[in-house]
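Colleague: Quick one: the structure is below, and I'll ask about it shortly.
The values are calculated or read from the model by the stated rules, or taken from the named source; none is laboratory data. The structure presented is a predicted model; accordingly, all values stated were derived computationally and were not measured. Note that we place each Cβ from the backbone using ideal geometry, even for glycine, and neighbour counts take in every protein chain shown.
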Amino acid sequence: MTGPGDSGPIGADPTEAAENGPGGARSASDADLSDRHADPETPADVADLADRIVAEVEDVIVGKREAVEHVLVTVLARGHLLVEDVPGVGKTTLAKSVARSIDGSFKRVQFTPDLLPSDVTGVNVFNRRTDEFDFQPGPVFANVVLGDEINRAPPKTQSALLEAMEENQVTTDGTTRSLPDPFCVIATQNDVEPGQTYELPVAEVDRFTKKIRLGYPDTDEEAAILGRLTGDHPVDAVEPVATVADVRRARRIVGEIEASEPIREYVARLAVYTRQNARLGASPRGSLALVRAAQARAALDGREYVIPDDVQTEAPTVLAHRIRTESGGVDGAEVVADALDRVRVE
């Protein structure tokens, strides 16, 4: 279980704790990285930051540049990522590599049927020496939290993440505690053993900014993976190329990227189309996630404004998982594809 020292003092300002460290002074790694790279101040700086992270992670994750970019877009858009795929394709390695590349804390939770909500969020433990209850933080108190096979746990345990994902905080026994900033959940979903899993509640799925699949590597990529794993695991060699403070600044820059009124109206029309052509369409939360993801995509290109291409690039992974259709033969991805074909850019 995560200890209080892993993410700064509980109840302290998470931004200050991450900026300054436990002793109030910046860590040596932060200082070294600042010497090597200027703090992000413009979308072009954010693009440079993203390129460094992608390059570092690609030393470990072979042939998955698009997936790494999806993770970065999610982080910059202040969101969370759902990865649905078969076991053994590198989901854990991807999450851990991204966390290491930004010098952030990383925790992994293996979801199982007997996992309790307190195993995720933390629990108050009675201290006999002080005759008081001490809060022992759960693994959710980290910059990057990997929820492995989240659909193996019952809905009650899954719901432990709802407040954390929506409000970046955890409430236990009436006390609310802030989570580290940045905070990102990367959850994996087992889709090959439906008889041994629980369906994710719609409210929880809607809180994931994006949903992606990694897929199997091709022959050359798999051969390269095998070559890299014959010795030590390459994730251990991932070096920080940014700091969590860099990520916070990059997020602020992304939030200031212009999404003009025509862009916002285009996003709204896409969302309305999904509601008119499915039993359950994209929610307003989904529309907001799409605008934020489009802003992050613009930043990856070094632009100060969103263009329709940004929206169209992000819509499939941002909207499709939120849609429920009447027909088993039509899924959310098809509804989104139809929306992109039929809804005009004005």
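Colleague: Would it be correct to say that Glu19 is among the charged types (D, E, K, R), in a helix (DSSP H, G or I) and either at pLDDT 85 or above or within 22 Å of Ile225 (Cα to Cα) (or both)?
Modeller: no
Colleague: Can we say Val306 is touching a residue at least 60 places away in the same chain (Cβ under 8 Å) and hydrophobic (A, V, I, L, M, F, W, C)?
Modeller: It is false that Val306 is touching a residue at least 60 places away in the same chain (Cβ under 8 Å) and hydrophobic (A, V, I, L, M, F, W, C).
Colleague: Sticking with this one: Are any residues in the stretch 293-309 part of a helix (DSSP H, G or I) and either closer than 22 Å to Val83 by Cβ or not acidic (Asp, Glu) (or both), and if so, which ones?
Modeller: Ala293, Ala294, Gln295, Ala296, Arg297, Ala298, Ala299, Leu300, Pro308
Colleague: Checking the condition loosely packed, with under 12 Cβ neighbours inside 10 Å, under 25 Å from Val140 (Cα atoms) and modelled with pLDDT under 85, which residue from Asp236, Asp218 passes?
Modeller: Step by step, each of Asp236, Asp218 is checked, and only Asp236 is loosely packed, with under 12 Cβ neighbours inside 10 Å, under 25 Å from Val140 (Cα atoms) and modelled with pLDDT under 85.
Colleague: Considering only the stretch 241-281, how many residues are assigned to a loop (DSSP other than H, G, I, E, B), of a type in the set (A, V, I, L, M) and in contact with a Lys or Arg (Cβ under 8 Å, 6 or more places away or on another chain)?
Modeller: Of the residues in the stretch 241-281, 4 are assigned to a loop (DSSP other than H, G, I, E, B), of a type in the set (A, V, I, L, M) and in contact with a Lys or Arg (Cβ under 8 Å, 6 or more places away or on another chain).
Colleague: Any residue in the stretch 47-60 that is on the phi < 0 side of the Ramachandran plot sitting within a Cβ distance under 8 Å of a residue that is of a type in the set (Lys, Arg) and crowded, with 21+ Cβ neighbours inside 10 Å? List the pairs, counting only those 6 or more apart or interchain.
Modeller: Glu58/Lys64
Colleague: Considering (1) within 26 Å of Ala77 (Cβ to Cβ); (2) in contact with a helix residue (DSSP H, G or I) (Cβ under 9 Å, 6 or more places away or on another chain), say which one Glu193 fails and leave the rest.
Modeller: Among (1) within 26 Å of Ala77 (Cβ to Cβ); (2) in contact with a helix residue (DSSP H, G or I) (Cβ under 9 Å, 6 or more places away or on another chain), the lone unmet condition for Glu193 is (1).
Colleague: From Glu132, Glu149, grab the single residue that is of a type in the set (D, E, K, R), in contact with a strand residue (DSSP E or B) (Cβ under 8 Å, 6 or more places away or on another chain), in the same structural domain as Arg207 (by TED's automatic domain parsing) and without any contact (Cβ under 8 Å) to a residue 40 or more places away in the chain.
Modeller: Within the list Glu132, Glu149, the selection yields Glu132.
Colleague: Give the residue, chosen from Thr197, Thr157, Thr172, that is surrounded by 14 or more Cβ atoms within 10 Å (Cβ to Cβ) and over 30 Å from Asn124 (Cβ atoms).
Modeller: Every option except Thr197 fails the conditions.
Colleague: Against the definition (outside any loop (DSSP other than H, G, I, E, B) and free of Cβ contacts under 8 Å to residues at least 12 places away in the same chain), how does Phe126 come out, yes or no?
Modeller: Yes, satisfied.
Colleague: Consider the stretch 83-123. How many of its residues are more than 30 Å from Gly174 (Cβ to Cβ) and assigned to a strand (DSSP E or B)?
Modeller: 3
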